[in-house]
Amino acid sequence: MVSQASSFETSEVLATCLASTPLLSESWRLCSVANATAPWSFVTEQSGGGGGTVYVAFSSAQMMANGWECSWRNMTQLENMGELPRFWCHRNKEVEEPVMVHQGILDLFLSFSNSFQHQIMAIIGNGNTKSIVVTGHSIGGAIASLCTLWLLSYLQHISSSLSLLCITFGSPLLGNKSFSNAILKQKWATNFCHIVSNHDIMPRLLFAPTIPHTSQLNHLLQFWQLSMTSPCFGKLAVQVSENEKAELFNSVMSYLHAATQDGEGCESFLFHPFGSYLFVSEDGALCVDSPIIVIKMMHLTFATSSPDSSIEDHLKYGEYVNKLSLQFLVQRNSMQVSISESSYEAGLEFAVQSAGIANQDSAIEPAKECLKIARRIGPSPTQNVAHLAVTLSKVVPYRAEIEWYKAWCDDQSDEMGYYDMFKRRGSSKRGMKVNMNRHKLARFWDKVINMLETNELPGDFERIPKWYNASQFYKLLVEPLDIAEYYGKEMDRAKGHYIKHGRDRRYKIFDRWWKERVDTREENNGRSKFASLTQDSCFWARVEEAREWLNNVRSECDTRELAVLWGNIENFENYAMKLVENKEVSQDVLAKNSSYSMWLEDLREMRELNANVEIASTLYPFSGGEVVP
């Protein structure tokens with residue numbers, strides 16, 4: 001029997017691990033310094049003793065800058081972050097919404113991004129720097145998250161191995177679900193740790209419509225800002241009445257409850273969590289990273305709060321951090337509690353106690369269910385790869401049948417070749433079977449991509465030779481059939497040409513895998529025979545575009561348009577000739593009646609016709625429509 005402990009890793013253990021390091025205490029200490037001494041800015045500090053860790057802390061006083069309070073829930077599309085490649089560029093544009101972030105926070109980030117980037121460049125250039133911790137409290141935490149994303153993009157761009165971690169305290173939500181998914185797909189979620197107290201309203205605020213509470217929120221922000229600068233200054237702010245506090249608290253609580261009922265989707269809510277969340281309480285801490293579980297835990301822990309504590313708790317992170325030491329957690333775990341004989345159930349009991357809701361009977365069971373879901377019940381990413389390998393072996397026969405079909409096409413007397421025979425297959429039984437296999441293989445590879453993007457596979461999966469080679473072979477074999485289907489059904493007339501308007505996302509992903517692969521084999525550019533598969537999987541789509549250009553030449557009268565068309569034709573002709581010379585095409589490309597061979601014949605005839613016209617115009621010049629003797 002497998003030990004229950006072997007498959008269970010409590011969220012409390014993760015929290016204990018983080019609390020045993022100086023990361024939280026140092027981050028909060030510097031946040032306090034930034035709040036008191038650097039309003040609307042940030043401070044940097046190198047860890048004591050000349051260590052290799054640099055801390056960058058953003059002031060929470062950012063909240064009153066640039067009219068942030070006037071755009072409480074306004075979102076804007078994240079177009080770019082300087083000149084760096086966009087980390088969200090691989091999203092599925094047909095399914096996912098654009099990547100959106102809070103407009104006010106983005107404006108704050110952009111307002112001093114130049115000074116931040118300048119200082120960060122100096123930090124990175126310091127050879128002693130081994131890691132960077134970016135941190136911030138309240139709105140400063142949200143800005144720290146955006147700065148971390150910029151820095152992650154930059155470090156990836158320059159292929160740096162520098163370690164980077166973002167720690168926020170009481171930060172509001174920042175972006176939509178597409179924003180969260182984009183971070184997940186880049187494997188950057190683990191670079192973010194958001195510290196959230198059980199009662200703090202700020203991290204939960206943007207679940208609710210804020211327009212009805214704008215006045216109260218502005219007063220609340222002023223109170224928080226002044227209190228962060230100096231506790232005695234908070235008394236100078238306009239006070240929010242008890243009724244207003246209760247109204248705001250109940251509104252957020254109501255929308256949080258609705259969010260937990262929406263399950264996996266939560267599409268009706270503008271903002272979505274990302275990264276890991278460390279929930280802190282008087283009794284300890286626990287860590288979860290699933291966005292759905294984060295929302296549920298935000299609701300369950302907030303239910304133990306009150307209108308007053310929801311506001312006051314935003315200023316108490318220093319107290320929680322001071323308590324989150326390894327000694328404190330060990331001491332608490334030694335308390336006299338009823339512990340189940342099952343290590344799994346005992347882990348759940350400790351996690352619920354750490355969340356500070358052990359005394360709330362109505363919250364205990366829902367919290368346990370959340371943690372059970374958060375636990376990785378299914379196989380690990382490594383196990384998933386092994387299972388995928390078995391599944392791949394099961395779909396290999398489908399691929400083999402397509403290979404046999406290609407060989408059969410090459411042997412036919414009509415000499416049309418693989419692409420054209422499938423394009424004109426009609427209702428042949430053989431063609432229908434191949435088409436069915438084409439769809440089965442597409443479903444398999446779409447599943448692989450989905451598993452990779454949802455972190456069900458190892459982060460370096462696409463760099464495993466077995467998989468980037470298998471995906472490349474699939475692409476070279478099957479994409480010509482997709483192109484044949486596209487043009488055979490005349491989808492280009494409604495959508496446009498295949499490469500720009502019809503190419504499936506999976507092939508673009510496989511292009512990237514192949515381009516970024518690490519292949520230690522020596523390149524051998526010389527071929528002694530034609531390739532078994534044309535090395536440009538979009539070759540036939542380029543042929544179809546070239547055919548259209550040639551047809552347009554016949555009817556075009558504008559000399560400038562004709563020059564463009566002939567330029568496109570000659571570019572493709574040279575490109576195709578180079579592929580043929582390098583034997584990077586399969587023999588079906590050169591079949592007598594293939595689309596490419598027919599295009600070459602049409603091109604030859606067109607040039608002969610043009611040459612004859614030029615000779616005739618030289619021998620018999622025209623003037624006014626009549627031949628001049």
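The values are calculated or read from the model by the stated rules, or taken from the named source; none is laboratory data. Remember, it's a predicted structure, so these values are computed and weren't measured experimentally. Glycine gets a Cβ as well: all are built from the backbone with ideal geometry, and neighbour counts include every protein chain shown. For accessibility, only protein heavy atoms count, side chains too; no ligands or nucleic acids. Shrake-Rupley method; radii C 1.70, N 1.55, O 1.52, S 1.80 Å.
For this structure, a couple of remarks:
- Members of the range 453-468 found to be of a type outside the set (D, E) and either out of contact with any Lys or Arg (no Cβ under 7 Å at 6 or more places or on another chain) or farther than 17 Å from N191 by Cα (or both), listed by number: T454, N455, L457, P458, F461, R463, I464, P465, K466, W467, Y468
- E244 more than 30 Å from L146 (Cα to Cα) and at pLDDT 85 or above: yes
- Restricted to the range 391-498, the set of helices (runs of 4 or more DSSP H) holding at least 3 residues that are open to solvent by 30 Å² or more (accessible area, probe 1.4 Å) comprises 429-453, 465-488, 491-495.
- Remark: D588 matches the filter, which requires a residue to be of a type in the set (D, E, K, R), under 24 Å from S413 (Cβ atoms) and open to solvent by less than 20 Å² (accessible area, probe 1.4 Å).
- Residues located in the range 26-49, provided they are of a type in the set (S, T, N, Q), open to solvent by 50 Å² or more (accessible area, probe 1.4 Å) and modelled with pLDDT under 90: T37, Q46
- Meeting the requirement of 2 or more residues that are modelled with pLDDT of 80 or more and buried (at least 21 other Cβ atoms within 10 Å of the Cβ), the strands (runs of 3 or more DSSP E) wholly within the range 73-145 are 100-102, 131-137.
- Test: residue in the range 188-207 that is among the basic types (K, R), in contact with a helix residue (DSSP H, G or I) (Cβ under 6 Å, 6 or more places away or on another chain) and touching a residue at least 24 places away in the same chain (Cβ under 8 Å): yes
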